[in-house]
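Novice: Quick one: this structure, given as C-alpha cells, is what I'll be asking you about.
The values are calculated or read from the model by the stated rules, or taken from the named source; none is laboratory data. Because the structure is a prediction, the values reported are computed rather than measured. Quick reminder, even Gly has a Cβ in these numbers, built from the backbone with ideal geometry, and neighbours come from all protein chains shown.
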Amino acid sequence: MSRMTAREIDEAAAHWVSRRDGDSWNTELEAELADWIAADPRHDGALLRAEAAWEMLRPQAPASTEPPVFGRPLHARMGRRQFVGATGALAAASAAGGIALLLPRTVYRTEVGEMRRIPLPDGSTVAINTASTIDVAFTKSLRRLTIRTGEAWFQVAHDSRRPFLVEAGRVRARAVGTAFSVRMRDDGSDVLVTEGVVRVWVEGADGQATDLQAGEQAFIANNAAVSRGVAEAQAIDRALAWRDGKIDLVGLPLADAVAEFNRYNKRKIHLADAGLAHEQFDGVFRTDDPLGFARAVEVSLKVPLDTSNPDRIDIGARRPEPDLP
C-alpha cells in the first residue's frame, strides 16, 4: 500500500474530527481512531492540528453549567464537507508553518468555574483555568501567548525555530519543548515547571533571566525579584489538580482554602469567625462544590455553618433564629 501524503493525512484527520463531533460517535469508532493514530507516527500530530483548526473555526460556546471536564468539546454544528475543507486547509497550512497567514490572533476566555483544554496549531496544548483570558498569536518565528488574567498550563511541542513565549503582565517565560504553568497575580506571576526547562525574566530586566528546571517553582515579582524553590511530585499534582476539576488541600490555612474555592464559584464562602483563618485543613474537593467543602469544615472543626443565603456561605456564624410571634 502506498504511503499517504501529508495532505491526505491532514484531510483524513479532519474527517475523524468531523465524525467525532457527530451524534453517531461510539466506542467502536473510538477504537478505530486509536488504530488510525497508531498506524503512522504522523497521524497524532495531524489530528491535533485538525482539532486546533476546528477550535479556531467554531463559534465560542457559552460557559457550561456542568462540572468541568477536560475532554472532547461540544462544538457548534457545521456541515461536514464545509468543515473538512476548511480544517484540512488550515491543518495543512499549520504543518507548512504558515498558520499565522490564515489565522488571526485568537482570544480564549473562561468564566468563573469554567476550565478549557485547547489544542494549538503547532501541536501544543493549553489548559486554561477559571476566570482567565489568554491571547494566542503564532508567527513563523515566534509562538506568543499572553495571559491577560488568570492561569494556564502549557504542554509545549518542540520547535527550536519558534520559541514558545508566555507573557503575564511584566513577567516573561520562554520554552522550546516543555510543560509548565503560569498564574498571574497582582504583583507578579507564579511559574511551575513540570517538564524540561523554562527561562523566566521581567520585561526590561532581561539580564536577570533565570532558568527553572523540571520540579522547580518560582514567584517572579514585577520588580524582577525571584523567589524559587523545589516542588515535590505530590505538590505539583496538588497545584495542578484544577485541570481535573479538583482542589487538593494539604495543610493549607483555612483562609487560603476559602480563597481558592472563591476563584471557582459565584457563591462565595465567608469566614465569619476571623479566628478560623489559620486553622489547617486537608482534603480533595470538586472545584464546583463549595457547599461540600463548607460542610466538611463544619464537621471537622466543629464550627457553625450558615447556608441560608443563596449567594453566600458563612463559616463560623450561627444561623439567625427565626423571629418568634
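Novice: Do we find that Arg267 is surrounded by 13 or more Cβ atoms within 10 Å (Cβ to Cβ) and within 21 Å of the chain's Cα centre (by Cα) in this structure?
Specialist: For Arg267, the condition - surrounded by 13 or more Cβ atoms within 10 Å (Cβ to Cβ) and within 21 Å of the chain's Cα centre (by Cα) - is not met.
Novice: Continuing with the same structure: Output the number of residues of segment 164-205 satisfying the condition of being surrounded by fewer than 16 Cβ atoms within 10 Å (Cβ to Cβ), closer than 23 Å to Gly229 by Cβ and acidic (Asp, Glu).
Specialist: The number of residues fulfilling the criteria is 3.
Novice: Looking at the structure I just gave you, is Ser141 among the polar types (S, T, N, Q) and either more than 25 Å from Ala231 (Cα to Cα) or without any contact (Cβ under 8 Å) to a residue 12 or more places away in the chain (or both)?
Specialist: The answer is yes for Ser141.
Novice: Residue check: is Arg199 free of Cβ contacts under 8 Å to residues at least 24 places away in the same chain, in a strand (DSSP E or B) and either over 19 Å from the mean Cα position of the chain (by Cα) or outside the structural domain of Asn129 (by TED's automatic domain parsing) (or both)?
Specialist: Here the answer is no, as Arg199 does not meet what is asked.
Novice: Restrict the check to segment 157-172 and report whether at least one residue is modelled with pLDDT of 95 or more, part of a strand (DSSP E or B), touching a Gly at 6+ places or on another chain (Cβ under 7 Å) and among the β-branched types (Val, Ile, Thr).
Specialist: For segment 157-172, residues modelled with pLDDT of 95 or more, part of a strand (DSSP E or B), touching a Gly at 6+ places or on another chain (Cβ under 7 Å) and among the β-branched types (Val, Ile, Thr): present.
Novice: So, one more: Gly177 versus (1) within 18 Å of the chain's Cα centre (by Cα); (2) outside any loop (DSSP other than H, G, I, E, B): which is the lone unmet condition?
Specialist: Every listed condition holds for Gly177 apart from (2).
Novice: Being at pLDDT 95 or above and polar (S, T, N, Q) is the filter here, so list the residues in segment 258-289 that pass it.
Specialist: Within segment 258-289, Asn262, Asn265, Thr287 qualify.
Novice: Scan segment 125-163 for residues that are over 12 Å from the mean Cα position of the chain (by Cα), buried (at least 17 other Cβ atoms within 10 Å of the Cβ) and farther than 12 Å from Arg105 by Cα and report the count.
Specialist: Residues flagged as over 12 Å from the mean Cα position of the chain (by Cα), buried (at least 17 other Cβ atoms within 10 Å of the Cβ) and farther than 12 Å from Arg105 by Cα within segment 125-163 amount to 3.
Per-residue answers, yes or no, for (1) surrounded by 18 or more Cβ atoms within 10 Å (Cβ to Cβ); (2) of a type outside the set (A, V, I, L, M):
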{"residue": "Leu240", "(1), (2)": "yes, no"}
{"residue": "Leu271", "(1), (2)": "yes, no"}
{"residue": "Pro290", "(1), (2)": "yes, yes"}
{"residue": "Arg295", "(1), (2)": "no, yes"}
{"residue": "Val299", "(1), (2)": "no, no"}
{"residue": "Ile313", "(1), (2)": "yes, no"}
